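The structure under discussion appears below in the form of structure tokens.
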Amino acid sequence: MTSENDILFERRGAAGLVTLNRPRALNALTHGMVVAMKAKLDEWAEDSAIACVVVCGAGERAFCAGGDIRAVRESGLAGTSYALDFWHDEYILDAAIKHYPKPYVALIHGVCMGGGIGVSAHGRFRVADETALFAMPETGIGFFPDVGGSYLLSRRGYLGMYMALTGARLKTPDALFVQLATDFVPAGLTGAILEDLSAGRPVAETIASRAEDAGAAPLAALREDIERCFSLECVEAILEALDATGTGWARETAAVIRTKSPTSLKLAFRELREGKRLPFDDCMRMEYRMASRILSGHDFYEGVRAVLIDKDNAPSWKPYALGGVSEEAIAAYFAPLGDRELRL
């Protein structure tokens, strides 16, 4: 259930400030939060006194850890409308952020995953501090990188495919390298950014004046191996290439991929291939088709159980191997929904 205090809105001078306010839940998004945020963004878009929008997360641990997946799972099991209502309105919010007419600034600290990517990475300015940790970990819970992941990750080349299949967690230098973040500003200086934006100072200049060098990105040293392995024509070929590479990184990466849902791996692979040729809004429509079909399957419920509920981290995937997932089964997730399509 959503409380009116789960998301806070404040006019602070020339800035409209959004605070995701569920720190005990790592600011995970509920349906009520995404609906309220979309309504407020619409209001501020028409308000000449608001020059920019700033989004942050309450507490020290997270900007936003994603959607409230427990509630989505419960809805799917009970056959209620909450799950589809949540995804429907979350994706509409993500599209609104992508197309927002005013500067949109995400001040990112701590965990930023899944739905947190959706409410940050589609905005023009993604300012990360030294504590930020980015990931799209959905293949580990029987889902797929949504909230525009098909658009974002497909445009990061083979680094995006690597992120989608492994759920790799990226610290700020790597997030800058793959362009999920635009700027590194130390935590002690982000308050000054908000003060300057509230005073009506230009957004780009304000952020640039506080931005610093985040240091070398570990992924940069692995780019050649990632491109060679993750450019191949199917998930099985990617795993074969990793096995043949023989380095410690390759062995660890292959082992991680083999723990993920085989269905989710093949969904994510096709999703990024499809997303690369689609404009943003069509990517969101595709993802809504996929999410609608997830609820009829097995792995999402099992993955959330294993990772978030029982926390045994021992999901029993069905099918349990990549060879058991047919191309026909995957294609069904992408079929049009008719009059139930996402309308943006």
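Odds and ends about this structure:
- Kirkwood Rh, angstrom, the range 134-215 [1 / mean 1/r, Cα pairs]: 14.3 Å
- The range 1-153 - Debye-derived log10 I(q)/I(0), Cα point model, q = 0.17, 0.20 Å⁻¹: -0.94, -1.32
- Burial order of peptide ranges 78-86, 255-263, 196-204, 142-150 (average beta-carbon count within 10 Å, highest first): 142-150, 255-263, 196-204, 78-86
- Cα-based Lys proximity count in the chain, under 23 Å, for pairs eight or more positions apart or on separate chains: 11
- For the range 230-307, alpha-carbon Rg over 2.2 N^0.38 Å: 1.28
- Highest average packing first - 217-228, 15-26, Cβ atoms within 10 Å: 15-26, 217-228
- By average C-beta atoms within 10 angstrom, highest first, the peptides 161-168, 276-283: 161-168, 276-283
- Set against the 2.2 N^0.38 Å expectation for a compact globular protein, the range 303-344 has a Cα radius of gyration ratio of 1.69.
- Among HIS31, HIS88, a tally of other beta-carbon atoms within 10 Å of each Cβ gives an order, fewest to most, of HIS88, HIS31.
- log10 of Debye I(q)/I(0), alpha-carbon scatterers only, for the chain at 0.11, 0.12 Å⁻¹: -0.70, -0.83
- Residues MET286, MET136 arranged by fewest to most Cβ contacts within 10 Å: MET286, MET136
- Built amide H within the under 5 Å cut-off of VAL55, gap 5+: VAL18, VAL105, ALA106, LEU107
None of the figures in this text is laboratory data; all of them are computed from the coordinates on show. None of these values were measured; they are calculated from a predicted model. Because the Cβ atoms are built from the backbone with ideal geometry, glycine has one as well, and the counts that use them run over all protein chains shown.
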